[in-house]
Amino acid sequence: MRKLKLQMQITVDGFVAGPEGQLDWMTWQMDEKGIELVNQLVDTSDTILMGRKMTPGFVNYWEGVKPDDPQYDFAQKMVNTPKVVFSRTVSSMEGKNVRVENGDVVAAVNGLKSQSGKDLLVYGGASFVASLIENRLIDELNLLVNPIAIHEGMRIFNSRMPLQLVDSVAYTTGKVLNTYKPRE
């Protein structure tokens with residue numbers, strides 16, 4: 001069975017966005033080790049899962065990267081990887097390799113996990129990821145902790161969830177990647 005892996009940036013005080021969804025607190029710089037990690041997560045996955053609210057920004061950003069940009073090769077991975085967008089309100093969305101799933105999240109994710117192929121990668125947004133966590137659908141949480149506290153905002157953990165630390169890597173940018181798996 002394929003694993004569902006989360007990759008998400010988070011503050012040291014546990015927020016994934018500001019109160020209105022702001023991401024201005026994120027440190028966008030990546031060192032070589034950080035770039036390798038992101039590439040490894042993408043290369044071991046063949047499908048990206050996202051919530052409806054974050055999809056337009058994600059798709060527009062990666063599809064807009066020009067060939068002379070240093071991010072172009074990675075952007076092409078993002079563009080060419082199939083994306084499943086979960087929504088209760090829309091049946092289609094703009095973007096290359098994007099399809100919308102309107103069915104039950106648990107059944108749809110379990111259906112994707114049971115198919116053959118590489119792992120699944122989820123990027124967000126906050127309420128979508130919170131629902132995946134609440135339903136215990138995420139098998140690996142890769143939380144990239146930014147060296148900032150913002151005091152208030154959106155969280156992905158709405159109740160207690162025991163986790164086991166699998167790995168922790170500090171980067172020269174001040175970020176720390178903590179990889180966890182849920183404890184039974």
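Answer with yes or no whether Leu137 is in a loop (DSSP other than H, G, I, E, B), in contact (Cβ under 8 Å) with a residue 60 or more places away in the chain and closer than 23 Å to Gln40 by Cβ. Write out each step before concluding.
Details: in a loop (DSSP other than H, G, I, E, B): yes; in contact (Cβ under 8 Å) with a residue 60 or more places away in the chain: yes; closer than 23 Å to Gln40 by Cβ: yes.
Considered against the rule, which asks whether it is in a loop (DSSP other than H, G, I, E, B), in contact (Cβ under 8 Å) with a residue 60 or more places away in the chain and closer than 23 Å to Gln40 by Cβ, Leu137 comes out as yes.
Scanning segment 168-184 for residues that are of a type in the set (Ser, Thr, Tyr) and not in a loop (DSSP other than H, G, I, E, B), which turns out surrounded by the most Cβ atoms within 10 Å (Cβ to Cβ)?
Among those that are of a type in the set (Ser, Thr, Tyr) and not in a loop (DSSP other than H, G, I, E, B), it is Thr179.
Considering only residues of segment 140-167 that are outside any strand (DSSP E or B) and of a type in the set (A, V, I, L, M), which is surrounded by the fewest Cβ atoms within 10 Å (Cβ to Cβ)?
The selected residue is Ala149.
The rows are residues; the columns are (1) exposed (fewer than 12 other Cβ atoms within 10 Å of the Cβ); (2) within 29 Å of Val176 (Cβ to Cβ); (3) among the charged types (D, E, K, R).
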position	(1), (2), (3)
Trp25	no, yes, no
Val38	no, yes, no
Arg88	yes, no, yes
Val100	no, no, no
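Is there any pair with a first residue in segment 94-121 that is over 13 Å from Leu49 (Cβ atoms) and a second that is part of a helix (DSSP H, G or I) whose Cβ atoms are under 6 Å apart and which are 6 or more apart or on different chains, and what are they?
Partner pairs satisfying both residue conditions: Gly95/Val59; Lys96/Val79.
No lab work stands behind these numbers, since they all come straight from the coordinates. In this text the structure is predicted, and so the values were computed from the model without any measurement. A quick note on method: Cβ atoms are made from the backbone with ideal geometry, for glycine too, and the neighbour counts reach across all protein chains shown.
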